[in-house]
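We did not get these values from a lab; they are worked out from the coordinates using the rules stated. The structure displayed is predicted, hence computed values, not measured ones. All Cβ positions, glycine included, derive from the backbone under ideal geometry; neighbour counts span all protein chains shown.
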Amino acid sequence: MDYNQLLEKERNGTIDMIRTFLAFELKDDDTIKNIQNFLHRLQQNQPKLKAVEPENLHLTVKFLGNIAEEKAPEIYQLINSEVNERLFKSENYKYQLKGVGQFNKYSVIWIKMIGNIEFLQNVQDVTENLLFDHFRIEKEKRQEFTPHLTIARLKKDRINYKTFDVLKNLINQNKQLDFGSFNINQLKFKKSDLTPKGPIYTDLAF
């Protein structure tokens, strides 16, 4: 089925849509354990802080959003051949997760990624161009890739302000904390199903 046919089916509401993204998964057990220990410290003074589940820890390269399910096999094949096989070439790239930070007044807490960022930038650039050229999926407005691993979120209405300074101090005191390695050897195509208990991520492979 060509692109115009898919667009027509989308307009008619006769096509199944799935929520997807492309990411590097964190699978290093010691690093995950270190992150969980740190999150436990954060949750001791902010019980309503929502930690990312260990199996869901990942670094997003491209959020595709809702796509036609029929496109998924083509996207998978394209990313596998042009990114995983051509760029990675079965090699393993080692990075370090070091230093805690936060976005949007502590609504997102993350860890910085240290290593060959130029390679990751190239992966993102190639991915963006492939998806736009083949599927007209819009490119990110922000061109520069700033890799970081989101580990927790804290909604404003769930903050315990009595101990909020403790949380801020914990983050400020750990801007150089080394959590361990993050080994990467492929870009994963993931499906995201949103549930009341949180997202469920599933690998897509065809």
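Within the same chain, aspartates and glutamates fewer than 8 places from residue 33 are excluded, and of the rest, those with a Cα less than 20 Å from its Cα are 25, 53, 55, 178. Here, region 17-64 is characterised by an Rg to Rh ratio of 1.07, where Rg is the alpha-carbon radius of gyration and Rh the Kirkwood radius. Which net charge results for the neighbourhood of residue 104, defined as the other residues with beta-carbon distances under 11 angstrom from its beta-carbon, given Lys and Arg at +1 and Asp and Glu at -1? Summing Lys and Arg as +1 and Asp and Glu as -1 gives +4. A cut-off under 9 angstrom between Cβ atoms defines the neighbours of residue 19, and their net charge, with Lys, Arg +1 and Asp, Glu -1, is 0. Cross-linked pairs 156/188; 155/188; 98/188; 156/197; 139/168: Cα-Cα separations exceed 25 Å for 156/188; 155/188; 139/168. For region 3-190, how big is the tail of P(r) above 25 Å, as a whole percent of Cα pairs? Everything past 25 Å amounts to 44 percent. Overall form of region 116-156: oblate. Here a/c, set by the Cα gyration tensor axes a ≥ b ≥ c, is 1.5 or more, and a/b is not larger than b/c. Among 150, 31, 195, the ranking by other beta carbons within 10 Å of each residue's beta carbon, starting with the fewest, stands as 195, 150, 31. Farthest towards the positive end of the charge dipole of region 166-206, among the residues 202, 184, 174, is the Cα of 174, using unit charges on the Cβ of Lys, Arg, Asp and Glu.
Counting beta carbons within 10 Å around each of 192, 181 and listing the fewest first gives the order 181, 192.
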